[in-house]
Amino acid sequence: MQNAELPITYGRIADLPADPLIRLRAQYEAHGDLSVFQDGHRQYVFAFGPEHNKRILSDPDTFHSCFFVTRGSKRSAQRRLSSGLLSMNGAEHRLHRRRVMEPFKPQAFAGYVEPISRMIGDLLDGWTPGETRDLQDEMVRFMLRTTSSILFGFDQPDRTERIGQMTHDWVELSHEVGASAFGFDDVGYEDYDRLLALAGELEHEIADLLRMRRESQGDGHDVLSILVRLHDEDGALSEAELIGHTALLFAAAHLTTSHTLTWTLLLLAQHPEVASALCAEIDDVLGDRPGRLDDLGQLPLLDRVVKESMRVLPASAYVQRLSTRPVEFGPFSLPQGTVFVFSQFITHHMHELYEEPERFLPDRWLSINPTPYTYLPFGAGPRMCIGGPLALVIVKLTIPAILQRFRLEVVPDAAINAAVVATMLAPTGAVPMRVNNRSAPFRTNPTSGNIHELVEFSPAAVV
Ligand code: HEM
């Protein structure tokens, strides 16, 4: 069939809604699971659901990762910073993935529990019953410190926050400038210049971290020490690769995990019956003591809660790929260089895959067992997230620790809004929570904001 006979939408991609989530949903609602948007000579494929996810994700040689579209010139800081795994493809990607994977294997986790527990303790010691906290801000700061401690082996909150903010701005701007190269956005030269300047500053900070690691000369088990040894002793990583991996790991770890924590705690606060059952499970298994790695298998409801939270509000909302050769995809014949967009959010909200997809129902996991391409909060296939198991350990140690000490209640009438920023589904403002004593009941409160377009909160009011 010729493409001309197919329902292809023509237009300017930059005229589509700015929020990718609205854009993806509109595309799915209007055209179903496979559609093409044509802007001039450029074609964009929107492919949703398990079959298309599988086709794209299991063939990384045809569908290249292109997260950092703007790489900068060969010797620029932007090029070095964007040299992590997400910019690598083919044999180079396979080789580096094996190297970077080492500290993320489950056998390395025992060494991470102490810093995670310490950070949780520090976080909760700062909370007092009766006060109101912005959960989003709390979780971002907590994850900045936890990520620094696990990845870099240091805990200097001021420095961590500075690097975290710079990393966040750099990823966001890289993404905006990159999206404009694909036509998704209109940004000017001044944004490109700003990106290069920011990359220079961030690289300076990261080089300083590397210097500190080298000077400490320990046989540290943090991720950075392992990567530095690969560079210094084995020559397995170039300086640019070392900088690129470090920047990406920091960027990939802290916001995705902090958004997952915020969404899960919000969902628990607005589903008192689930929160109360989870507390009973935690009381039974842990009592008042801190959780350990070997407890995690004994907390099945916690597992279902986290799975369901990452289904309904996945921190990674969509991903794009670039085809390296002409491709027949469904009825479409597409040239090399076509942009393919797939979405965890759309897949996780398909009615034919999940009953009442907008509801947060952890117990659905008692009777479903989706394939890796039907449920994919961490992606799937050979590029699946290398930090997923670690992120789950952090989330599953943090949530029980909070529930052992406090009850979180959304401030009545708070506006909770979300948007996709640099592919991540993030709260776009404060998520104000009242911190109550653990003897307080769980209480749902009325809220406004676009969160209600993404998830349905429980009708139960107090448990
Ligand atoms: C809840 C937290 C997290 C979520 C939702 C998440 C999600 C994802 C997803 C969807 C991908 C695949 C992207 C693609 O297909 O192109 C990915 C890749 C990646 N993630 Fe995560 N991630 C999380 C936490 C982490 C952590 C804690 C780390 C590291 C400490 C990490 C490091 C990476 C890296 C390095 C890649 C690139 C893998 C490759 O290209 O081979 N992530 N992540």
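Which of the residues spanning region 277-323 are more than 26 Å from Tyr112 (Cα to Cα) and away from the ligand (no atom under 15 Å from the Cβ)?
Ala277, Ala280
Among the residues of region 279-296, is any of a type in the set (Gly, Ala, Ser) and within 29 Å of Ser343 (Cβ to Cβ)? Show your work before the answer.
If we filter region 279-296 for residues that are of a type in the set (Gly, Ala, Ser), which is where we start, we get 280, 287, 291.
Retained after the next criterion (residues that are within 29 Å of Ser343 (Cβ to Cβ)): none.
There is no residue in region 279-296 that is of a type in the set (Gly, Ala, Ser) and within 29 Å of Ser343 (Cβ to Cβ).
In region 336-375, how many are open to solvent by less than 60 Å² (accessible area, probe 1.4 Å) and either in contact (Cβ under 8 Å) with a residue 60 or more places away in the chain or away from the ligand (no atom under 11 Å from the Cβ) (or both)? Even if it seems obvious, please write down each step before you answer.
Quick first cut of region 336-375, residues open to solvent by less than 60 Å² (accessible area, probe 1.4 Å) only: 337-350, 353-354, 357-358, 360-362, 364-365, 368, 370, 373-375.
In the following step, the residues that additionally are either in contact (Cβ under 8 Å) with a residue 60 or more places away in the chain or away from the ligand (no atom under 11 Å from the Cβ) (or both) were identified as 337-343, 345-350, 353-354, 357-358, 360-362, 364-365, 368, 370, 373-375.
Selection size over region 336-375: 27.
Can you report the number of residues in region 334-393 which are over 15 Å from the mean Cα position of the chain (by Cα) and part of a loop (DSSP other than H, G, I, E, B)?
Number satisfying all stated conditions: 24.
Out of all the residues in region 404-413, which are under 23 Å from His452 (Cβ atoms) and surrounded by fewer than 20 Cβ atoms within 10 Å (Cβ to Cβ)? Show your work before the answer.
In the first step, residues of region 404-413 are kept if they are under 23 Å from His452 (Cβ atoms); the result is 407-413.
Passing the criteria: Val411, Pro412, Asp413.
Tell me yes or no: at least one residue of region 308-331 is open to solvent by less than 50 Å² (accessible area, probe 1.4 Å), assigned to a loop (DSSP other than H, G, I, E, B) and out of contact with any Phe, Trp or Tyr (no Cβ under 9 Å at 6 or more places or on another chain).
No.
What about Val420, is it within 27 Å of Arg321 (Cβ to Cβ) and surrounded by 20 or more Cβ atoms within 10 Å (Cβ to Cβ)? I'd like the intermediate steps shown before the answer.
On the way: within 27 Å of Arg321 (Cβ to Cβ): yes; surrounded by 20 or more Cβ atoms within 10 Å (Cβ to Cβ): yes.
Yes; evaluated as a whole, the condition is true for this residue.
Give the residues of region 403-440 that are more than 19 Å from Thr128 (Cβ to Cβ) and not in a strand (DSSP E or B), sorted by residue number. Walk me through how you get there before you give the answer.
Going residue by residue through region 403-440, those that are more than 19 Å from Thr128 (Cβ to Cβ) are 412-429.
Selection gives Pro412, Asp413, Ala414, Ile416, Asn417, Ala422, Thr423, Thr428, Gly429.
If I ask for residues that are more than 8 Å from the ligand (Cβ to nearest atom) and open to solvent by 40 Å² or more (accessible area, probe 1.4 Å), which ones from region 376-403 would you list?
Pro389
The values are calculated or read from the model by the stated rules, or taken from the named source; none is laboratory data. What you see is a predicted model, and the numbers here were worked out from it, not measured in a lab. Because the Cβ atoms are built from the backbone with ideal geometry, glycine has one as well, and the counts that use them run over all protein chains shown. Please note that ligands, DNA and RNA were not included when accessible areas were found on the heavy atoms of the full protein model with its side chains. Shrake-Rupley method; radii C 1.70, N 1.55, O 1.52, S 1.80 Å.
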